[in-house]
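**Student:** Before I ask anything, here is the structure I am working with.
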Amino acid sequence: MSKPNNRSIESPITYEAKWAKLWREAKIFEADPVKDKPKFFICVPYSYQNGPLHLGHAFTFTRGDSYARFKRMQGFNVLFPWSWHWTGEAVAGTSERLKRGDPAIIRLLRDIDNVPEDLIPRFTDPAFICKYYTAENRKVVDAMGFSVDWRREFYTTDLHPYYSKFIHWQYLRLREKGFVSKGEHPVVWCPVCQSATGDHDRLVGEGIVPEEYTLVFFKYDEFYLAAGTLRPETIFGATNVWLNPDVEYALLEYDNKRILVSRRAAEKLIEQKHNINVVKLLNAKELIGKKCKAPITGVELPILPANFVDPNVVSGVVYSVPAHAPYDYVALLELQRDLSKSTGIDAKLLKELKPISIISVPGYSEFPALDVVKKMGISSQEDARLEDATKEVYSKEFHEGVMKDNCGEYSGLPVRVARDAVKARLISTGLGDIMYDLSGKVVCRCGNECLVKIVKDQWFLTYSDPKWKEKVKTHIMKMGIFPEEARQWFLNVVDWLHDWACTRKTGLGTSLPWDSSWIVETLSDSTIYPALYTISKYMNEGTVKPEQLTLEVLDYVFIGIGNPRVISKETGIPETTLKNMRDEFLYWYPVDCRISAKELVPNHLTFYLFQHVALFDENLWPRCIGANGMITVEGEKMSKSKGNMIPIKAALAKYGVDATRCTLLLAAEDMDDPDWRDKNAQETRRMLDLFLKIVDEVLSSGLEASENRLDRWLISKMVKKVKNITEAMESLKTRTACHEALYGMYNDWKWYVRRRKKLTRSALRFLDTWVRLLAPFAPFTAEEAWSKLGNNGFVSLAKWPDYHPEEVDEFAEVAEDLLAKLLVDVREIMGVTERKPIKVHVYTPSAWKLNVLSIMLSFDLKEVMRDPSTAIKESLKMFPEKRKDMPILVRKIVEYISSFPMEIPKKVLLELALQEKKIYEDAKSFLESEIGCPFNIWMEDEQKAYDPIGKSKQALPLRPGIFVEMLP
RNA sequence: GCCGGGGUACCCGAGCCUGGUCAAGGGGGUGGGCUUAAGACCCACUGGCGUAGGCCAUCCUGGGUUCGAAUCCCAGCCCCGGCACCA
């Protein structure tokens, strides 16, 4: 794909820019309240301004815009606003990397994102980055033909004159209502950057989250060995404590006691606990061979050496449960095998160490660790397969294990229950604690290794609040959600959601109103901003100054509390303006539809619901959400690192806007992931060009005055398409809708012109409807066609076609089907015989067969299929002389007739059968030109019928007999 | 692990809820038409067999329900996505 010009948007389709300009000049997408006109407020999530918009954005946006255009044509006053998300830490990260001269980031900006070389130095300012991309992307959005009311545009963060006012109001009100609380939580943390390290900020360790371990304190002398474990219930099976003899340990002052952990663990704990001091460093060798006392059981255990103990994992101290932990079992075996290694250890004691079985698991012996180690043939603690062995035992024991009789008050409990109970007891008696650690190595983008930090004084949105959840769930059950599968997903997310840390220390954003050392986190500042669109034009136009947007003003506009006269006096905003703002908010709200990628279901979209439910009256809660898939390119996930990221601009430059829009829409609907393929885009381009060519051809060809069944066929097919497309759009099935509007209509058109060389006015009517049906998907091409067809104004504002059921003509439709079927049959005969036809004879059935059809249509065809005897008897009453042929005939007819679509009325089928001969006769010249030889149409029992091999007898109603005369 | 979505022909994909209209539609390929030629466009074919419109096979695998199953039920195999402080 060619590199796009960075300065302007260029499309190979010249009329696109023309129409974009005309729309802009006519301001047709600027939406203001119109009394008594139904409104439709649709929006898409604003995009983060850290790069050029790409096809992934374009997919969601195009769905949104097509729906907006559809609703506008249906007569709604449609508001489709736009804005930009600047909140977040990523842009700041880019700036930092640039400041450090990171060559990768320079390459990315210059080569992937096409930032002009001279501007790159200015990217050290995060605000500049956002400003730059906003300007670039606005051009792209405009070029895409999105029908946006730009008067309402804004961006986020306190760099913006009024957005932060809105966020302050929102958070003060949320806090008053008790939806914000203070607490602490563990995060993956980079000690160098002094900030949380999210998945996107990591070089290594994507997906790794803080894991909660239990520290178990073993008393030794005046301090405790703090062993870390995921399985505190195994304390009953402890035989010894492991230390790594080659590792440095640290003695810590900790909660009025002293504990021993690895030196590395001490560094970690400092980020997690208050008042920790390192008293001194210790060599593990000093402790090897000594004894310590286990908590709860009070048993004396030896301290033994083990090199599998990793000082980087949890506390660097491990207690040994050889019966149930493969690592421990193998380490013990090794020690016992090679006593020389264990200098300073009482050999007798070592030999006497035996696994203690404390958990029974179905399918295993009393020592599951031993079973698994034997099965896998592991003999060294360096063996990597110990990981798998551990996983197996862990999982089996957790799900199916039961504590044995030797576990005190926990005996008989399932492992999963005992685990929490033992943990709680350890902590409450001061003989244990919680420590967080990472299950794998995480390296920050800055190159430093991360650890777990407990962030204190963190602010949370209390999404775990059961009452709040309940209200949200009730609303989810009532609102529109497309596709339907997404509804259950939303319900699950609400169930699963817990409190959300809504503040950050770094990056761009809006300060927390009551504590400016925090900023509101990026997902948390973007939940109810659609409300801001309803009044942002007042500020953008200067009617209301940003500083006039006080809490009282916002309370009045959004909640309806306060006296506008008083507020007007206090703020200087004219009272009528205040009232207009309030009215405008109430006019547009609630949001009728929000369209987004499905990745936002478990976060943004759910938060969006929570916050609306918390802040607004029920009648202002969102009415509908549409979730869609995420794009792939030629079957591969799109990403900058893969180098297959396609900016919208590049696609437009190659295929033009409408082809890009339609290719996206045609790629998928519902939550399926669309796949962008160059081949498809080229094909769509061809189709759109062909459409305009068809318009030109129709306009330049003379029209015939007299219309016939074929014209009724065309209109019938057309109105059915109108119905299908309208219904598809109403449930956001944009793929079906676009496909039918483009290819479905085209296929009907092809048959029509194939059948009729001279066009009639119906062709014009068909085109008129076709253009309207295409307008939401390919608006530029539609405008171009619309003006070619001699219309004034814009098809964008034209009326969406109505469904006229009275114009459905089943007779005409099936009549054409009969002709098509006849052609298929004749061709099949030709194909089999592989000879050239010289004449085709078609035989329609004789009258008595039609009578039988008529009798059968008085029965339920399904019944006749199952048991034809009644229908046969009934038919024999009328034609007793056909006793021999009747059973077969009835079966054949019912089989064939029931292959017609169910919705065709029986009356129509009968009428068709009666007129069958005429249908073929009328189409004789068409049939002859298709097959390339003369046709004769006979009736079965016609005297003069030419029927050398008796094919006329095969004639059934709606299925003629055929004899193809061929060259020998 | 938990939750969600899937497996359809050479490729992409519809159909499944509500069983019979059915294996849509598009791409690619093959043949033909149009054309000085190319492209565009139009037509046919594109699982197998067949010298008469037919027969057989097929919708991840294996069972079942039914007159009838891509569709409903059961079991299994495989793939993809989300899982939180990240936009």
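**Student:** Take A:Val566 and tell me if it is touching a His at 6+ places or on another chain (Cβ under 9 Å), more than 16 Å from RNA strand B (Cβ to nearest atom) and at pLDDT 95 or above.
**Tutor:** Working: touching a His at 6+ places or on another chain (Cβ under 9 Å): no; more than 16 Å from RNA strand B (Cβ to nearest atom): yes; at pLDDT 95 or above: yes.
Criteria not met by A:Val566.
**Student:** Could you check segment A:796-822 and list, in sequence order, the residues that are in a helix (DSSP H, G or I) and over 28 Å from A:Arg709 (Cβ atoms)? Even if it seems obvious, please write down each step before you answer.
**Tutor:** Taking segment A:796-822 as the starting set, the residues that turn out to be in a helix (DSSP H, G or I) are A:796-797, A:805-807, A:810-822.
Result: A:Ser796, A:Leu797.
**Student:** Give the residue that is surrounded by the fewest Cβ atoms within 10 Å (Cβ to Cβ), with candidates limited to residues of segment A:136-160 that are β-branched (Val, Ile, Thr) and within 21 Å of A:Asp525 (Cβ to Cβ).
**Tutor:** Initial filter on segment A:136-160 (β-branched (Val, Ile, Thr)): A:140-141, A:148, A:156-157.
Adding the requirement that they be within 21 Å of A:Asp525 (Cβ to Cβ) leaves A:156-157.
On the way: A:Thr156: 29, A:Thr157: 25.
Checking each candidate, the answer is A:Thr157.
**Student:** Oh, and also: Which of the residues belonging to segment A:601-625 are more than 15 Å from RNA strand B (Cβ to nearest atom) and outside any loop (DSSP other than H, G, I, E, B)? Break it down stepwise before answering.
**Tutor:** Just the residues of segment A:601-625 that are more than 15 Å from RNA strand B (Cβ to nearest atom), to begin with: A:612-624.
Scanning segment A:601-625 gives A:His612, A:Val613, A:Ala614, A:Leu615, A:Glu618, A:Asn619, A:Leu620, A:Cys624.
Quick grid of which residues meet (1) touching a Cys at 6+ places or on another chain (Cβ under 8 Å); (2) away from RNA strand B (no atom under 16 Å from the Cβ); (3) under 25 Å from A:Ser439 (Cα atoms); (4) not hydrophobic (A, V, I, L, M, F, W, C):
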site	(1), (2), (3), (4)
A:Ala347	no, yes, no, no
A:Pro362	no, yes, no, yes
A:Asp388	no, no, yes, yes
A:Arg416	no, no, yes, yes
A:Lys423	no, yes, yes, yes
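**Student:** Another question, if that's okay. How many residues, within segment A:33-57, are more than 16 Å from RNA strand B (Cβ to nearest atom) and either in contact with a helix residue (DSSP H, G or I) (Cβ under 8 Å, 6 or more places away or on another chain) or assigned to a strand (DSSP E or B) (or both)? Spell out the reasoning first.
**Tutor:** Step one: filter segment A:33-57 for residues more than 16 Å from RNA strand B (Cβ to nearest atom), giving A:33-43.
Okay, now just the ones that are also either in contact with a helix residue (DSSP H, G or I) (Cβ under 8 Å, 6 or more places away or on another chain) or assigned to a strand (DSSP E or B) (or both), so A:33, A:39-43.
Final tally of qualifying residues: 6.
**Student:** Give me the pairs: first residue in segment A:859-885 and closer than 15 Å to A:Tyr896 by Cα, second residue among the hydroxyl-bearing types (Ser, Thr, Tyr) and within 11 Å of RNA strand B (Cβ to nearest atom), beta-carbon distance under 9 Å, and six or more apart or on different chains, which are they?
**Tutor:** From residues that are closer than 15 Å to A:Tyr896 by Cα, the pairs are A:Leu861/A:Ser898; A:Lys862/A:Ser898; A:Val864/A:Ser898; A:Met865/A:Ser898.
**Student:** Just to verify a result, which residue in segment A:831-860, among those that are within 9 Å of RNA strand B (Cβ to nearest atom) and in a helix (DSSP H, G or I), is nearest to A:Gln943 (Cα to Cα)?
**Tutor:** The qualifying residue nearest to A:Gln943 (Cα to Cα) is A:Thr833.
**Student:** Specify which of the listed residues (A:Leu523, A:Leu554, A:Leu491) is part of a loop (DSSP other than H, G, I, E, B), of a type in the set (A, V, I, L, M) and touching a helix residue (DSSP H, G or I) at 6+ places or on another chain (Cβ under 7 Å). It would help to see each step written out before you state the result.
**Tutor:** Numbers: A:Leu554 fails: part of a loop (DSSP other than H, G, I, E, B); A:Leu491 fails: part of a loop (DSSP other than H, G, I, E, B).
So the residue among A:Leu523, A:Leu554, A:Leu491 that is part of a loop (DSSP other than H, G, I, E, B), of a type in the set (A, V, I, L, M) and touching a helix residue (DSSP H, G or I) at 6+ places or on another chain (Cβ under 7 Å) is A:Leu523.
**Student:** Could I ask something else about it? Of the residues that sit in segment A:812-848 and are within 29 Å of A:Glu730 (Cα to Cα) and of a type in the set (A, V, I, L, M, F, W, C), which one is modelled with the lowest pLDDT? Steps first, please.
**Tutor:** To start, the set of residues in segment A:812-848 that are within 29 Å of A:Glu730 (Cα to Cα) comprises A:812-814.
In the following step, the residues that additionally are of a type in the set (A, V, I, L, M, F, W, C) were identified as A:812, A:814.
On the way: A:Ala812: 92, A:Val814: 89.
Among residues in segment A:812-848 that are within 29 Å of A:Glu730 (Cα to Cα) and of a type in the set (A, V, I, L, M, F, W, C), the one modelled with the lowest pLDDT is A:Val814.
**Student:** Moving on to the next point. Among helices (runs of 4 or more DSSP H) lying entirely in segment A:729-795, which contain 2 or more residues that are within 18 Å of A:Cys662 (Cβ to Cβ), away from RNA strand B (no atom under 15 Å from the Cβ) and acidic (Asp, Glu)? Show your work before the answer.
**Tutor:** Working: elements: A:734-739, A:745-755, A:761-774, A:779-788.
Qualifying helices (runs of 4 or more DSSP H): A:779-788.
**Student:** When the residues of segment A:8-43 are filtered to those that are β-branched (Val, Ile, Thr) and at pLDDT below 95, which remaining residue is nearest to A:Glu584 (Cα to Cα)? Show your work before the answer.
**Tutor:** Step one: filter segment A:8-43 for residues β-branched (Val, Ile, Thr), giving A:9, A:13-14, A:28, A:34, A:42.
Now narrow it down to the ones that are at pLDDT below 95: A:9, A:13-14.
Details: A:Ile9: 34, A:Ile13: 38, A:Thr14: 38 Å.
Step by step, filter segment A:8-43, then rank; the result is A:Ile9.
**Student:** Only one of these is among the hydroxyl-bearing types (Ser, Thr, Tyr), assigned by TED's automatic domain parsing to the domain that holds A:His160 and either surrounded by fewer than 19 Cβ atoms within 10 Å (Cβ to Cβ) or touching a residue at least 60 places away in the same chain (Cβ under 8 Å) (or both): A:Thr522, A:Thr550. Name it.
**Tutor:** On the way: A:Thr550 fails: assigned by TED's automatic domain parsing to the domain that holds A:His160.
Just one listed residue meets the conditions, A:Thr522.
**Student:** Next question, about the same structure. If you check A:Leu620, A:Leu666, A:Leu615, A:Leu605, which single one turns out to be assigned by TED's automatic domain parsing to the domain that holds A:Arg72 and touching a His at 6+ places or on another chain (Cβ under 8 Å)? Reasoning before the result, please.
**Tutor:** Values: A:Leu666 fails: assigned by TED's automatic domain parsing to the domain that holds A:Arg72; A:Leu615 fails: touching a His at 6+ places or on another chain (Cβ under 8 Å); A:Leu605 fails: touching a His at 6+ places or on another chain (Cβ under 8 Å).
None of the other options fit; the residue is A:Leu620.
**Student:** Select from segment A:397-451 the residues that are among the hydroxyl-bearing types (Ser, Thr, Tyr) and in a helix (DSSP H, G or I) and write down the one among them that is farthest from A:Val209 (Cα to Cα).
**Tutor:** Start the filter on segment A:397-451 by keeping residues that are among the hydroxyl-bearing types (Ser, Thr, Tyr), which leaves A:410-411, A:428-429, A:436, A:439.
Narrowing the set further to residues that are in a helix (DSSP H, G or I) leaves A:410, A:428.
Numbers: A:Tyr410: 30, A:Ser428: 26 Å.
By that ranking, first place goes to A:Tyr410.
**Student:** At pLDDT below 90 and among the β-branched types (Val, Ile, Thr): which single residue out of A:Ile625, A:Ile631, A:Ile648 fits that description?
**Tutor:** Result of the check over A:Ile625, A:Ile631, A:Ile648: A:Ile631.
**Student:** For segment A:495-513, enumerate the residues that are near RNA strand B (Cβ under 6 Å from one of its atoms), touching a His at 6+ places or on another chain (Cβ under 9 Å) and within 17 Å of A:Glu470 (Cα to Cα).
**Tutor:** None; the set is empty.
**Student:** Would you mind telling me which numbered condition in (1) more than 15 Å from RNA strand B (Cβ to nearest atom); (2) closer than 27 Å to A:Ile595 by Cβ A:Ile120 fails?
**Tutor:** Every condition holds for A:Ile120 apart from (2).
**Student:** Among the numbered criteria (1) touching a residue at least 60 places away in the same chain (Cβ under 8 Å); (2) farther than 29 Å from A:Met878 by Cβ; (3) of a type outside the set (Lys, Arg), which single criterion is violated by A:Phe811?
**Tutor:** (2)
**Student:** Just checking, how many residues over segment A:658-705 are surrounded by fewer than 22 Cβ atoms within 10 Å (Cβ to Cβ) and away from RNA strand B (no atom under 13 Å from the Cβ)?
**Tutor:** Looking only at that region, the number is 9.
**Student:** So is A:Ile715 in contact (Cβ under 8 Å) with a residue 60 or more places away in the chain and either touching a Phe, Trp or Tyr at 6+ places or on another chain (Cβ under 8 Å) or closer than 30 Å to A:Thr60 by Cβ (or both) or not?
**Tutor:** On the way: in contact (Cβ under 8 Å) with a residue 60 or more places away in the chain: yes; either touching a Phe, Trp or Tyr at 6+ places or on another chain (Cβ under 8 Å) or closer than 30 Å to A:Thr60 by Cβ (or both): yes.
Taking the combined requirement at face value, the residue satisfies it.
The values are calculated or read from the model by the stated rules, or taken from the named source; none is laboratory data. It should be emphasised that the depicted structure is a prediction, and the values quoted were computed from it without experimental measurement. Cβ sites come from the backbone with ideal geometry, for glycine too, and all protein chains shown count toward neighbours.
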